[in-house]
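The values are calculated or read from the model by the stated rules, or taken from the named source; none is laboratory data. Just so it is clear, the model here is predicted, and its values are computed rather than measured. Here the Cβ positions follow ideal geometry from the backbone for every residue, glycine too, while neighbour counts run over all protein chains shown.
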Amino acid sequence: MQVEIIKNKEEPSSKRILVVDDDETIRQLMDATLTSEGFKVKTARDGRGILQIVGSFPPHLIITDLMMPGGGGYELLRVLQADPATSKTPVLIISGANLDNSTKAMMQQEPNVKGFIEKPLHPYSLMVKIHQLLNTKTKEEKMIEEHLEDMKKFEPRKFDF
C-alpha cells in the first residue's frame, strides 16, 4: 500500500548533503532548494580540503560538479574512493560540460557514482533523484501522511435513513 511506502521513508532532516561546485549561484540555488526540502546542507567551492569538511560534516550524499578549478570532480572522486570513511558515500554528478555518452557511462561505472545530471538544473527533477537515492519523504509525501493522520481523528458517522 502507498501509505506504508511513505512511512518506511526517512525524514530529510536526518540527512546531510554536501554540494561541491565552483559556481556560487549553483551553490546558493542548491543550498536553498535542499534546505527548503528539510535536508542539512553544506557547500564547498571545490574539492580541496574535502576530507576535512566530511570529517566534521559526514554527508549521506555528495553532489559535485565535474569541471572545477583546483580539485575538480574527477579528482574529488579519487580522494573520496581512497578514504575508507567516504569510499561508500553516494555521489551525484552535475555538469554543464558537453560530455559524450561514453564519458558519462564511464563516470557512472565508478562505484559511488549514483547518477549524472546535466546543467541547467531542474530543481524538481533533482529533488526526485535525491529523495530516491536517500529514501526520504518529499514535501508532497509528508503532506499526504499528515492528511491521513488527520483523517484518522474523525470518527465515521452512521446515518439512519
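Some observations on this one:
- Considering only residues in the stretch 31-57 that are of a type in the set (G, A, S) and touching a residue at least 12 places away in the same chain (Cβ under 8 Å), the one that is nearest to T138 (Cα to Cα) turns out to be G38.
Yes/no per residue for (1) within 20 Å of L134 (Cα to Cα); (2) within 16 Å of the chain's Cα centre (by Cα); (3) not aromatic (F, W, Y):
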{"position": "D46", "(1), (2), (3)": "no, no, yes"}
{"position": "Q52", "(1), (2), (3)": "no, no, yes"}
{"position": "H60", "(1), (2), (3)": "yes, yes, yes"}
{"position": "T64", "(1), (2), (3)": "yes, yes, yes"}
{"position": "P69", "(1), (2), (3)": "no, no, yes"}
{"position": "Y74", "(1), (2), (3)": "no, no, no"}
{"position": "V79", "(1), (2), (3)": "no, no, yes"}
{"position": "D83", "(1), (2), (3)": "no, no, yes"}
{"position": "T86", "(1), (2), (3)": "yes, yes, yes"}
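- In the condition set (1) touching a helix residue (DSSP H, G or I) at 6+ places or on another chain (Cβ under 7 Å); (2) at pLDDT 90 or above; (3) assigned to a helix (DSSP H, G or I), I63 is compliant with all but (3).
- Per the listing D23, D100, D31, D65, the residue uniquely within 20 Å of P120 (Cβ to Cβ) and buried (at least 21 other Cβ atoms within 10 Å of the Cβ) is D65.
- Inside the stretch 72-95, residues that are assigned to a loop (DSSP other than H, G, I, E, B), of a type outside the set (S, T, N, Q), under 24 Å from S125 (Cβ atoms) and at pLDDT 85 or above make up a count of 1.
- Residues (under 23 Å from T35 (Cβ atoms) and at pLDDT 80 or above) located in the stretch 96-117: K114, G115, I117
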